[in-house]
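Contents: one structure, followed by commentary.
The values are calculated or read from the model by the stated rules, or taken from the named source; none is laboratory data. The structure presented is a predicted model; accordingly, all values stated were derived computationally and were not measured. Neighbour counts run over all protein chains shown; Cβ positions are idealised from the backbone, glycine included. These accessible areas exclude ligands, DNA and RNA; they are computed on the full protein's heavy atoms, side chains included. Shrake-Rupley method; radii C 1.70, N 1.55, O 1.52, S 1.80 Å.
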Amino acid sequence: MPTVDQYLQTNAPRFEQDLCELLRIASVSTDPAYRAEIDRAAQWVADRLRRLGLSTELIQTEGHPLIYAESPHIEGAPTALVYGHYDVQPADPLDLWISPPFEPTVRDGNLYARGATDDKGQFLTHVFSVEAWLAAEGRLPLNVKYLIEGEEEIGSASLQAYLEQHADRLACDCVVISDGAQFAPGQPAITYGLRGIAYFDLVLKGPARDLHSGTFGGSVTNPANVLARMLASLVDEHGRIRVPGFYDDVVPLSPREREGFARLDFDERRYFEQIGVDGAIGEEGYTTLERRWARPTCDVNGLWSGYQGKGAKTVLPAEAGAKFSFRLVPNQDPSKITAALRAMLAAMCPPGIRFELTAHHNSPGVLVPLESPYVQAAARAIEQAFGRAPVFTREGGSIPIVLSFHEHLHADTLLIGWGQDDDNTHSPNEKFALGDFHRGIGASARLWDELSRVTK
Ligand code: BES
Ligand code: ZN
């Protein structure tokens, strides 16, 4: 019988093929046109887990299907719950992809495809590691459960409902999530904080139809002008958000945490270079890492109105709209912020304009405890597989369900991302380094062993 490591080595090419199979499914969650692909991806995940011999259920919800699976129960051993998501963000703009988003392609040791790192390639590391254990050892050293969903990129509403009703079934000692990044190439990280989010769609409606801007301009309120004013009023010149009460519940960064961030070997020049900018403005008084990880933000995500074609058209548009969102930090309440925003914009709405503000998904930010023995176990597993001890970081992104795991399962979450900041998540040419993929599988295989030794 091979050892776990031998099995991982021999099967490395097949793990890549399996991942490519899943990546060929265009499981975009936000657009109903992809519903059949969502179902195909869910089915693929369920089949894959069933093939490991795990008791597996494909669960239909009001939204997209969930997959739940569990290994045969070992009395007295700890239980880890692996969480991941098979849904992906839209691939647009398509013309900027070097190879098509749903035709996985390897270039320079990187696998390019939408979902490669976010999150198909990452959650599968925890599936392949279990496969290796079962093949090499014939058993797992602990109990492993899987909960894989298809709505992470749109707020996890169905999972939220399921979790509230089935906390018993999902009971565990720790939740394992790989859906983020290492600190830098060759420098793995354990993440202890995520930002939350509150996402909005604002539509301003003015005249009943588009008008000649010469005949009517000046006498009619232009919704695009008003939209620009409303959006500009959300953030002041110091980078502070102007929604009343926005900062009331923000916990200031402790000097200790700021020192921790400052000690990290962060190459700011390389960071901006990679993004293709020559610098940035942001909230005054905070470093780039603090702004990214631990301070709230407001960003316009989409903007439309008037004539978008070539040349010039003298039009006074009938409508204008924007999608925008706040990233929130732990302890901020998305519903309080939604109410304050609505009141602020309503007060700014001039005669001649009707405004419609739709609140999309929202989720609170989280901090996970670092004192946990499971975190120590994860640090050991990561150090063995990556050859370097992890640093402790926060992340600017959101994983909406994490706080609910804490509230409903009372379990610590291990946020152990295998990706890189330049993996182009949500952008064209998303990639996952195959080296990170295989080191991730290796770290996961060791994680099961390390977690099994934690005494409750
Ligand atoms: N994988 C990301 C979250 C993430 C990004 C974690 C960067 C750590 C570092 C996740 O799939 C994601 O993008 N989530 C959305 C959630 C939102 C749409 C509710 C996000 O953050 O935009
Ligand atoms: Zn993700």
Response to the item:
Within the stretch 206-223, residues being within 15 Å of residue 348 (Cβ to Cβ) and either in contact with a strand residue (DSSP E or B) (Cβ under 6 Å, 6 or more places away or on another chain) or open to solvent by 50 Å² or more (accessible area, probe 1.4 Å) (or both) number 2
Worksheet item: Failed condition for residue 107, given (1) basic (Lys, Arg); (2) away from ligand 1 (no atom under 16 Å from the Cβ); (3) touching a Gly at 6+ places or on another chain (Cβ under 6 Å), with all others met?
Response: (3)
Discussion item. I'm trying to understand the selection: among the residues of the stretch 72-89, which are open to solvent by less than 40 Å² (accessible area, probe 1.4 Å) and within 19 Å of residue 42 (Cα to Cα)?
Written reply: 81, 82, 83, 84, 85, 86, 87, 88
Worksheet item: What number of residues within the stretch 334-381 satisfy the criterion of being over 19 Å from the mean Cα position of the chain (by Cα) and part of a loop (DSSP other than H, G, I, E, B)?
Response: 9
Discussion item. Considering only the stretch 340-353, I want to know if a residue exists there that is of a type in the set (A, V, I, L, M, F, W, C) and touching an Asp or Glu at 6+ places or on another chain (Cβ under 9 Å).
Written reply: no
Worksheet item: Among (1) under 21 Å from residue 17 (Cβ atoms); (2) in contact with a Leu (Cβ under 6 Å, 6 or more places away or on another chain), which single condition is residue 88 missing?
Response: (2)
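Kindly indicate the residue of the stretch 382-401 that is in a helix (DSSP H, G or I) and of a type outside the set (Asp, Glu) and also farthest from ligand 2 (Cβ to nearest atom) among those meeting that condition.
The residue in question is 384.
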Worksheet item: Looking at 437, 432, which is the one that is within 16 Å of ligand 2 (Cβ to nearest atom) and either within 21 Å of residue 3 (Cα to Cα) or assigned to a helix (DSSP H, G or I) (or both)?
Response: 437
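Checking the conditions here, which among 219, 158 is within 16 Å of ligand 1 (Cβ to nearest atom) and over 30 Å from residue 384 (Cβ atoms)? Give the steps one after another, and end with the answer.
Details: 219 fails: within 16 Å of ligand 1 (Cβ to nearest atom).
The conditions single out 158.
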Fill in: Answer residue from the stretch 143-202, given it is in a strand (DSSP E or B) and of a type in the set (Val, Ile, Thr) and is nearest to ligand 2 (Cβ to nearest atom) among those
177
Discussion item. Can you say whether residue 368 is more than 23 Å from residue 16 (Cβ to Cβ), at pLDDT 95 or above and touching a Ser or Thr at 6+ places or on another chain (Cβ under 6 Å), as far as the supplied structure shows?
Written reply: no
Discussion item. Only one of 391, 454, 402 is open to solvent by less than 40 Å² (accessible area, probe 1.4 Å) and within 22 Å of residue 89 (Cα to Cα). Can you tell me which?
Written reply: 402
Fill in: Residues of the stretch 114-142 classified as in contact with a Lys or Arg (Cβ under 8 Å, 6 or more places away or on another chain), more than 14 Å from ligand 2 (Cβ to nearest atom) and aliphatic (A, V, I, L, M), total
1
Discussion item. Whether any residue in the stretch 366-384 is surrounded by fewer than 19 Cβ atoms within 10 Å (Cβ to Cβ) and touching a Gly at 6+ places or on another chain (Cβ under 6 Å) is what I want to check.
Written reply: yes
Practice prompt. Report the residue count in the stretch 410-441 for those that are under 27 Å from residue 105 (Cβ atoms) and open to solvent by 10 Å² or more (accessible area, probe 1.4 Å).
Written response: 15
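May I ask you to verify whether residue 183 is surrounded by fewer than 24 Cβ atoms within 10 Å (Cβ to Cβ) and within 13 Å of ligand 1 (Cβ to nearest atom)?
Yes; evaluated as a whole, the condition is true for this residue.
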Practice prompt. Just name the residue that is nearest to residue 205 (Cα to Cα) out of those in the stretch 327-347 that are open to solvent by 60 Å² or more (accessible area, probe 1.4 Å) and touching a strand residue (DSSP E or B) at 6+ places or on another chain (Cβ under 7 Å).
Written response: 342
Worksheet item: Could you say whether any residue in the stretch 245-266 is within 16 Å of ligand 1 (Cβ to nearest atom) and open to solvent by 50 Å² or more (accessible area, probe 1.4 Å)?
Response: yes
Worksheet item: Looking at residue 102, is it within 22 Å of the chain's Cα centre (by Cα) and under 25 Å from residue 2 (Cα atoms)?
Response: no
Item to complete: Search the stretch 201-216 for residues that are β-branched (Val, Ile, Thr) and pair each with any residue that is modelled with pLDDT of 95 or more and open to solvent by 40 Å² or more (accessible area, probe 1.4 Å) when their beta-carbon atoms are under 6 Å apart and the residues are at least 6 apart or on different chains.
Response: 203/356
